[in-house]
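Heads up: the structure comes next, in structure tokens.
The values are calculated or read from the model by the stated rules, or taken from the named source; none is laboratory data. The structure presented is a predicted model; accordingly, all values stated were derived computationally and were not measured. Neighbour counts are summed over all protein chains in view; Cβ atoms, including those assigned to glycine, are modelled from backbone coordinates with ideal geometry.
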Amino acid sequence: MRYLIYCDESDEKGKFYSNFYGGCLLRASDRQAIEAELNLVKAENDLRGELKWTKIGTYNEEGYIQFVDKIFDFVEAGLLKIRIMFTQNINRPKRLEQYQIGNEYFLLYYQFLKHAFGLRFCNPERNAQVTVAVYLDDVPDTKEKLDNFKNYLSGLSDFPVFHRERIAIHKEDITDVDSRNHVILQAVDVVLGSMQFRLNDLHKVKPEGSRHRGKRTRAKERVYKHINSRIRAIYPNFNIGASTGQGEGPSSKWLHPYRHWCFVPTDSIQDRTKGKKAK
């Protein structure tokens, strides 16, 4: 079995929540069919070029909603698994080494890929090796740091749990790509962007000097609400700002079609002045 994970990240530092990472996992054998259907929705709704959360407005709102529906049809059918990870600004690490500060982007990506999808549970029969390819959208860092990250991430193959479960991530299967050429990455961008938009209260933003929100902001809010309704059809008690529960135990990280993870550093303290209720 071979799995593909498409990954994106958004807004390193937000007002209340930061370090947004999103990923979409699928079987490699399903990629072509999924891409064809997503591209068909784009064509039918005259959604040209690359789809991005930032492009949503009143003129294409309905088309994006149709695109979202196709994404979550695949999620509900078990053909796509979506994971969103973020940090909450009230959780502040006590101490950070210079290395950690300079490599925060990759260190968080490593945690996301190691844990968010519950890959350790993806091969219960262990009849054959499972390989995982990782596609990162437009890595904003040096080639040297990316190469170090590839070495580090591919090292998971020798991690005791991964080795025992016969799960491998080969260095040559970790690639940075251009989302303009990958419609599944565009799907990740739309869902991830909607969560960053809502968690950081961007749906409340008004143009300077105006008493009313802009049309684009209201259109984005309607698309977000539709995304939220599709998630709640899967999880009626879904909480956007909290880690999704593990009702089935740790294997829920693999079994669930959609999950959120509010990442809290192990050595951290809470700074309530960074929370939404702080005035």
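Considering F197, F238, which residue is under 17 Å from the mean Cα position of the chain (by Cα), within 22 Å of E61 (Cβ to Cβ) and hydrophobic (A, V, I, L, M, F, W, C)?
On the way: F238 fails: within 22 Å of E61 (Cβ to Cβ).
Just one listed residue meets the conditions, F197.
Looking for something modelled with pLDDT of 95 or more and closer than 28 Å to G14 by Cα - is there at least one such residue anywhere in segment 133-140?
Within segment 133-140 (the criterion being modelled with pLDDT of 95 or more and closer than 28 Å to G14 by Cα), the answer is yes, since at least one residue qualifies.
Looking at segment 196-214, can you tell me whether even one residue there is of a type outside the set (F, W, Y) and in contact with a Pro (Cβ under 6 Å, 6 or more places away or on another chain)?
Pass one, segment 196-214, residues of a type outside the set (F, W, Y): 196, 198-214.
Pick out the ones that are also in contact with a Pro (Cβ under 6 Å, 6 or more places away or on another chain) and you get 214.
Scanning segment 196-214, I find at least one residue that is of a type outside the set (F, W, Y) and in contact with a Pro (Cβ under 6 Å, 6 or more places away or on another chain), so the answer is yes.
Tell me yes or no: at least one residue of segment 113-128 is among the charged types (D, E, K, R) and at pLDDT 90 or above. So that I can check it myself, show each step before the final result.
Of all residues in segment 113-128, those among the charged types (D, E, K, R) come to 114, 120, 125-126.
Right, trim to at pLDDT 90 or above and you get 114, 120.
Scanning segment 113-128, I find at least one residue that is among the charged types (D, E, K, R) and at pLDDT 90 or above, so the answer is yes.
Within segment 187-199, does at least one residue satisfy the condition of being surrounded by fewer than 15 Cβ atoms within 10 Å (Cβ to Cβ) and not hydrophobic (A, V, I, L, M, F, W, C)? Steps first, answer last, please.
Applying the first criterion (surrounded by fewer than 15 Cβ atoms within 10 Å (Cβ to Cβ)) to segment 187-199 yields none.
Scanning segment 187-199 turns up no residue that is surrounded by fewer than 15 Cβ atoms within 10 Å (Cβ to Cβ) and not hydrophobic (A, V, I, L, M, F, W, C).
Would you confirm, using the coordinates I've provided, whether T217 is surrounded by fewer than 17 Cβ atoms within 10 Å (Cβ to Cβ), outside any loop (DSSP other than H, G, I, E, B) and not hydrophobic (A, V, I, L, M, F, W, C)? Write out each step before concluding.
Details: surrounded by fewer than 17 Cβ atoms within 10 Å (Cβ to Cβ): no; outside any loop (DSSP other than H, G, I, E, B): yes; not hydrophobic (A, V, I, L, M, F, W, C): yes.
It is false that T217 is surrounded by fewer than 17 Cβ atoms within 10 Å (Cβ to Cβ), outside any loop (DSSP other than H, G, I, E, B) and not hydrophobic (A, V, I, L, M, F, W, C).
Of the residues Y21, Y64, Y3, which single one is surrounded by 15 or more Cβ atoms within 10 Å (Cβ to Cβ) and within 14 Å of M195 (Cβ to Cβ)? Steps first, answer last, please.
On the way: Y64 fails: within 14 Å of M195 (Cβ to Cβ); Y3 fails: within 14 Å of M195 (Cβ to Cβ).
Of the residues listed, the single one that is surrounded by 15 or more Cβ atoms within 10 Å (Cβ to Cβ) and within 14 Å of M195 (Cβ to Cβ) is Y21.
Among the residues of segment 80-89, is any modelled with pLDDT under 95, surrounded by 15 or more Cβ atoms within 10 Å (Cβ to Cβ), of a type in the set (K, R) and within 15 Å of R259 (Cα to Cα)?
no
Can you confirm whether N127 is polar (S, T, N, Q), outside any loop (DSSP other than H, G, I, E, B) and farther than 28 Å from A187 by Cβ?
Numbers: polar (S, T, N, Q): yes; outside any loop (DSSP other than H, G, I, E, B): no; farther than 28 Å from A187 by Cβ: yes.
Answer is no for this residue.
Sort through I65, I34, I101, I71 and tell me the only one that's modelled with pLDDT under 95 and in a helix (DSSP H, G or I). Spell out the reasoning first.
Values: I65 fails: modelled with pLDDT under 95; I34 fails: modelled with pLDDT under 95; I71 fails: modelled with pLDDT under 95.
Answer to the selection: I101.
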